[in-house]
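Visitor: Before we start, here is the structure in question, set down as structure tokens.
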Amino acid sequence: RFDNTGFPFLGSGTILGVPVSIVALAVFALVSAYVAAKTPFGRHVYAVGGNERAAALSGVRVNLIKVSAYMISGFCAAFAGLVIASELVAAHPASGETFELNAIAAAVLGGTSLSGGRGTIAGTLVGAFVIGVLGDGLVMLGVSSFWQMVIKGLVIIAAVVLDQMQRRMYRRFALQAQLG
């Protein structure tokens, strides 16, 4: 008999009354925040994201950092896929089609710059909660999935525009401070 004994626990089980997926999220977030803020690897990732050429000139092994970041991203995506398949107790290739839009929106809303070099794990978590509430609210209002994607895209565009405006204002203030 082919049975998935224990597999549904990952998506629908609890540890001390807290869903396992939330515990996993907390563990991943804490480890990621520590690595990003306290390790040379985290500083190198920010450096490569901010200015790849400058990072290479300062001795950072850019290709190794990029490959490592992609590997970590792939591992996290695979784990998220396992959690979703565990929640559904089934795997369907189209079950995560719009997740990349949600991930980008969460990161941008959380303060991560699409031009690189800036962002925090805590900010991305806040952005993910906002996107989750927005998505749930749109579902409860009966908005079609097409318009949900359009609205999330507009949220991303607005966040990017605000980010660029903030960068320009920061540069202007820095220039004024240098001049006098």
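The values are calculated or read from the model by the stated rules, or taken from the named source; none is laboratory data. Only a predicted model underlies this, so the values are computations on that prediction, with no experimental measurement involved. Cβ: placed from backbone, ideal geometry, glycine included. Neighbour counts: every protein chain shown. These area figures cover heavy atoms from the full protein model, side chains too; ligands, DNA and RNA do not enter into them. Shrake-Rupley method; radii C 1.70, N 1.55, O 1.52, S 1.80 Å.
Visitor: So what's the angle, to the nearest 10 degrees on a 0 to 90 scale, between helix 99-109 and the longest Cα principal axis of the chain?
Guide: 40 degrees
Visitor: So how strong a dipole does segment 1-105 carry about its Cα centre when Lys and Arg Cβ are +1 and Asp and Glu Cβ are -1, to the nearest 20 debye?
Guide: Charge dipole of segment 1-105: 500 debye, to the nearest 20.
Visitor: What figure, in Å² to the nearest 10, do you get for the accessible area of Tyr34 with a 1.4 Å probe and non-protein molecules left out?
Guide: 140 Å²
Visitor: Would you rank Thr120, Thr39 by solvent-accessible area, highest first, keeping every protein chain in place and using a 1.4 Å probe?
Guide: Thr120, Thr39
Visitor: How large is the accessible surface per residue of segment 1-43, computed with a 1.4 Å probe and reported in Å² as a whole number?
Guide: Roughly 74 Å² per residue, with all protein chains present.
Visitor: Please determine, in degrees from 0 to 90 and to the nearest 10, the orientation of helix 121-140 with respect to the longest principal axis defined by the Cα atoms of the chain, where the helix direction is its Cα long axis.
Guide: On a 0 to 90 degree scale, this one is about 50.
Visitor: Add -39500 (n - 2.57) for each DSSP H run of 4 or more in the chain, then divide by its residues: what number comes out at 222 nm, to the nearest 500 deg cm²/dmol?
Guide: Taking each H run of at least 4 residues, the total per residue is -25000 deg cm²/dmol.
Visitor: Moving on. Quick check: the angle from helix 145-179's long axis to the longest principal axis of the chain, C-alpha only, nearest 10 degrees?
Guide: Between helix and principal axis, roughly 20 degrees.
Visitor: Which of Ser21, Pro8, Gly49 sits closest to the plus end of the dipole of segment 1-107, meaning its Cα is farthest towards the positive end, when Lys and Arg get +1 and Asp and Glu get -1 on the C-beta?
Guide: Farthest towards the positive end: Gly49.
Visitor: Let me see the P(r) profile for the chain: every Cα-Cα distance counted, bins of 5 Å, each bin given as a percent of all pairs.
Guide: Spelled out bin by bin, the chain gives 1, 7, 11, 16, 17, 17, 13, 8, 5, 3, 1, 1, 0, 0, 0, 0 percent.
Visitor: Okay, next question. With the other protein chains left in place, how much accessible area per residue, in square angstrom, belongs to segment 76-173 at a 1.4 angstrom probe?
Guide: Roughly 64 Å² per residue, with all protein chains present.
Visitor: If I compute solvent accessible area with a 1.4 Å probe over the protein chains, what percent of it on segment 15-167 is carbon and sulfur?
Guide: 73 percent
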